[in-house]
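For reference, the structure I am asking about is given below.
The values are calculated or read from the model by the stated rules, or taken from the named source; none is laboratory data. Being a predicted model, the structure only gives us computed values, none of them experimental. Cβ coordinates were reconstructed from backbone atoms using ideal geometry, including for glycine residues, and neighbour counts include every protein chain displayed. Ligands, DNA and RNA are stripped out before the accessible areas are found, and what is left, the full protein with its side chains, is counted by its heavy atoms. Shrake-Rupley method; radii C 1.70, N 1.55, O 1.52, S 1.80 Å.
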Amino acid sequence: MKKILLFLLFIGCASYGYCQQLYMEYGSTISSFDYKNSRGERLNNLLAQSKSYFGMGYRHPLNKAKTIFLRGGINYNNYGAIGSESSVDNYFAWDVSYLGIKGGTDVKLFQWNDLVFFANGSVASEFLVRGNQTINNDVFNLVGEEEFNNNILFLRAGISMQYPISSSTAIVAGYNYGSSILISSGISAEKLKLNAHQFGIGFIINLPTCYCDF
């Protein structure tokens, strides 16, 4: 996965290296967990929670018309869920953070004056860096637990709006929806799937060597 992302970045730099841009984004993630225990039983009564996410990286045009852009960077995502089971008088909650390497594309849909609309798609390889599970009054560290500690792929798609605020900077706002795919499930029969809605805002900045505009 890492080699593929680095190769795509190399292609973008080699083709249109004169137009390198830096992007940064920050926003809110509304996540939901789809959890099955070792008997294949789904845990119901799970409620989504709102957490934060952050991402940054490089963006390059893939064509001279600048309608298709390649992105590559890192992202830090927080996911969470809470729930209860009245039949056994249980309360449970998850709070986890994943660090990922992300690659994707922005495709220009249309432009209205200076406002440009894009369709976005991306894939990220994410790894658990922090996490805990609360059951009633007990808190458990999830780092090292198989159903959380697997390497996961996160596929996302969405839309964004870009508006220039100077000759070198544009502000961006967008939404995307994503879902995780486990690369390997380990020896545990427990399964966890993450689903997330993300709403964010950020900036795209032309690097000093960039001879391009918005």
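What is the percent carbon and sulfur in the accessible area of segment 14-144, measuring with a 1.4 Å probe over the protein chains and ignoring ligands?
The nonpolar share, carbon plus sulfur, comes to 55 percent.
I would also like to ask the following. Along each of its three principal axes, how wide is the spread of alpha-carbon positions in segment 34-183, in whole angstrom units, largest first?
60, 26, 26
Starting from the Cα-Cα distance between residue 168 and residue 90, subtract it from 0.36 nm times their residue separation and give me the gain in nm to one decimal.
Stretched out fully, the residue 168 to residue 90 stretch lengthens by 22.7 nm.
Report the FRET efficiency, 1/(1 + (r/R0)^6), for residue 36 and residue 117, where r is their Cβ-Cβ distance and R0 is 35 Å, rounded to 0.05.
0.35
So how much slack lies between residue 201 and residue 153, counting 0.36 nm per residue of separation and subtracting their Cα-Cα distance, in nm?
15.0 nm
Here is a follow-up. For segment 99-144, what value does the Rg/Rh ratio take when both radii are computed over Cα atoms and Rh is the Kirkwood radius, given to two decimals?
1.35
Restricting attention to the alpha-carbon atoms of segment 72-125, what are Rg (one decimal) and Dmax (integer), both in Å?
Just the Cα atoms of segment 72-125 yield Rg and Dmax of 19.1, 59 Å.
Do any of 66/102; 102/191; 51/193; 108/193; 51/191 go past 28 Å between their Cα atoms, and which?
As for pairs spanning more than 28 Å Cα to Cα, those are 108/193.
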